[in-house]
Each structure stands twice: as C-alpha cells, then as structure tokens.
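The values are calculated or read from the model by the stated rules, or taken from the named source; none is laboratory data. These figures come from a predicted structure and were not determined experimentally. Note that we place each Cβ from the backbone using ideal geometry, even for glycine, and neighbour counts take in every protein chain shown. The protein model used for the area step is the full one, side chains on, heavy atoms only, and it has no ligands, DNA or RNA in it. Shrake-Rupley method; radii C 1.70, N 1.55, O 1.52, S 1.80 Å.
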Amino acid sequence: MPKVNRLIFDSHPLKRRLAVSDIHGCLKTFSALIEGIRLKKKDQLFIIGDAINRGPDSAGVLDLIIKLQENNYQLYYLRGNHEQIVLKSHKKPVEERKKLLKSFNSKDLLKAGEIKAPYLALLKSTYHYVEMPDYYLVHGGFNLRDDDPFVDTFSMLNMKRFEGDKKRLNQKTVITGHSPTAITTIINNLQQNKASICIDNGCINTKKGQGNLLCLELNSQQIILQKNIEAKKIPL
C-alpha cells in the first residue's frame with residue numbers, strides 16, 4: 001500500500017476554512033471563484049482533488065495554485081484520482097503518456113513529452129487526506145470495512161458516493177469530492193448534518209442542478225457558487 005501523505009490540524013482556527021473540489025482544468029471559473037470569495041492570506045483554502053484534466057486549462061489551474069502558494073496564501077492541495085492518473089503516467093513511455101494526457105485534454109502539462117517539473121513536484125506533494133478537529137477532507141472516501149480506514153489510499157482517491165460514519169471517524173464530518181452531486185442534495189445534506197458531504201457540484205457537467213464550482217466555508221457551512229464560465233466546450 002502506498003505511503004499515506006496526510007496533514008493534521010490540531011486546533012480550530014477562527015479564520016475562514018474554504019474547501020473546493022473538482023476544478024477539472026476550469027481556470028476561468030476557478031479564478032472567478034477566488035475573486036468572488038475575496039481570498040485573504042489569513043484564510044485556509046483546501047482543494048480536495050481533481051484540479052486537473054478534462055477542462056481547457058489544467059496547466060493554468062496548477063500555475064495559479066503554485067502562484068498562490070508562492071505568495072504565501074495558505075492553500076492545501078489534496079490528491080484526487082486525476083492527479084494520480086497524471087502521476088502514474090510519469091512512469092509510462094513518452095508516447096503512451098502523451099496519448100493518455102491528450103485523452104484527458106491535458107497535453108498542456110507536458111514539455112517535450114515529459115510532465116513539467118513544477119507540476120510534477122506539486123502533484124507529488126499532494127495530501128491523501130486532511131484531518132481537523134471537526135472534519136476530515138478526502139477526495140473519494142475512507143474504507144470503513146478496514147480495521148484502519150486511514151491506510152487505503154485507493155479508496156481515498158477513487159471511492160464513489162462515500163457514506164460517512166461518525167462513530168468510526170471520531171465524530172467528525174467527512175468532506176469529499178469525486179461524485180458530481182446536485183446542489184439541492186448538497187444543501188439538504190448540510191442541513192441534515194450528514195456524516196459525509198460531497199461538495200462536487202459537477203463544474204464540468206451540464207446536468208440540471210450541476211455546472212458550478214462550489215466552495216464550502218467550513219466554519220459557517222456557507223456555500224458559495226461560481227457558475228462554469230469556460231468558453232471552450234469540455235470533452236466528456
């Protein structure tokens with residue numbers, strides 16, 4: 001089993017804690033969201049995986065993440081299944097890598113067939129999950145059938161429609177992405193204080209109730225929505 005890269009916060013901050021998932025290469029939409037929430041350096045911003053692939057500008061999204069981190073914004077990047085796909089492609093032959101990333105509309109991550117060094121370093125640094133006094137953040141979910149649910153990295157990246165269990169998970173709510181969810185369902189789950197809340201509102205989808213990049217402020221559980229504003233049609 002791959003080594004788990006986790007981040008633990010022992011205290012509950014007074015500052016805003018903002019969670020976003022499944023940006024999927026939608027730079028214009030992500031940039032508009034950052035502007036809309038008026039991100040400050042005292043805030044904590046958590047990207048819960050799948051920032052890349054499928055949308056029109058994966059490289060631009062990673063460039064913005066790197067820029068914010070270099071400018072001392074508290075941005076924490078978690079790994080999703082799409083980050084893992086790109087990382088695994090690093091070990092494949094060049095032509096196979098190029099073909100794979102082209103299929104995900106992400107050839108902009110490459111230079112001469114290799115993943116650009118700043119992007120590779122960033123993707124390798126991503127966290128499998130984050131633990132807080134009141135929340136866990138993870139892209140997919142935790143394997144609650146395992147005696148230790150915090151070792152199965154495949155489930156953390158790939159589990160669909162995860163259902164939390166506060167008895168098993170230290171009375172904490174789990175915030176996930178990975179499974180596009182209608183906004184009405186997300187709101188209902190928050191109101192019902194469900195053990196797990198998926199905040200993937202299907203930014204790259206056109207289904208009714210989806211098509212937004214959603215940001216959840218964890219202290220207040222306030223939702224901020226940014227409609228997808230990408231000009232190019234996104235291949236599915």
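Out of D152, D134, D147, one residue alone is surrounded by fewer than 20 Cβ atoms within 10 Å (Cβ to Cβ) and in contact (Cβ under 8 Å) with a residue 60 or more places away in the chain. It is D134.
Could you count how many residues in the stretch 1-46 are part of a helix (DSSP H, G or I), small (G, A, S) and open to solvent by 50 Å² or more (accessible area, probe 1.4 Å)? Before the answer, list the steps.
Step one: list which residues in the stretch 1-46 are part of a helix (DSSP H, G or I), which gives 27-37.
Then drop every residue that is not small (G, A, S), which leaves 31-32, 36.
Of the ones still in play, those that are also open to solvent by 50 Å² or more (accessible area, probe 1.4 Å) are 36.
Result for the stretch 1-46: 1.
Screening I186, I199, I234 for residues that are at pLDDT below 95, closer than 24 Å to R79 by Cβ and not small (G, A, S) leaves exactly one candidate, I234. Screening N53 with (1) open to solvent by 10 Å² or more (accessible area, probe 1.4 Å); (2) not in a helix (DSSP H, G or I) gives one miss only, at (1).
The single condition among (1) surrounded by 13 or more Cβ atoms within 10 Å (Cβ to Cβ); (2) free of Cβ contacts under 8 Å to residues at least 60 places away in the same chain; (3) under 20 Å from Y77 (Cβ atoms); (4) out of contact with any helix residue (DSSP H, G or I) (no Cβ under 6 Å at 6 or more places or on another chain) that A121 does not meet is (1).
Residues in the stretch 182-215 that are open to solvent by 10 Å² or more (accessible area, probe 1.4 Å), in a loop (DSSP other than H, G, I, E, B) and in contact with a helix residue (DSSP H, G or I) (Cβ under 8 Å, 6 or more places away or on another chain): G209, Q210. In the stretch 31-43, the residues that are closer than 17 Å to Q222 by Cα and in contact (Cβ under 8 Å) with a residue 24 or more places away in the chain form Cβ pairs under 7 Å with partners that are open to solvent by less than 100 Å² (accessible area, probe 1.4 Å) and polar (S, T, N, Q), at six or more places apart or across chains, as follows: L33/Q226; G36/Q226; D43/Q74. Just one of the listed residues (L87, L109, L100) is open to solvent by less than 20 Å² (accessible area, probe 1.4 Å) and not aromatic (F, W, Y), and it is L109. Within the stretch 188-216, residues that are without any contact (Cβ under 8 Å) to a residue 24 or more places away in the chain sit with their Cβ atoms under 7 Å from residues that are outside any loop (DSSP other than H, G, I, E, B) and open to solvent by less than 30 Å² (accessible area, probe 1.4 Å), at 6+ positions apart or across chains, in these pairs: N189/I197. Scanning the stretch 63-84 for residues that are under 21 Å from N205 (Cα atoms) and open to solvent by less than 10 Å² (accessible area, probe 1.4 Å) yields G80, E83. Here K40 does not fit the description of being over 20 Å from Y73 (Cβ atoms) and out of contact with any Asp or Glu (no Cβ under 8 Å at 6 or more places or on another chain).
The residues in the stretch 10-40 that are touching a strand residue (DSSP E or B) at 6+ places or on another chain (Cβ under 7 Å) and modelled with pLDDT of 95 or more can be counted, and the count is 15. Scanning the stretch 216-236 for residues that are closer than 22 Å to H128 by Cβ and not in a loop (DSSP other than H, G, I, E, B) yields a single hit, L216.
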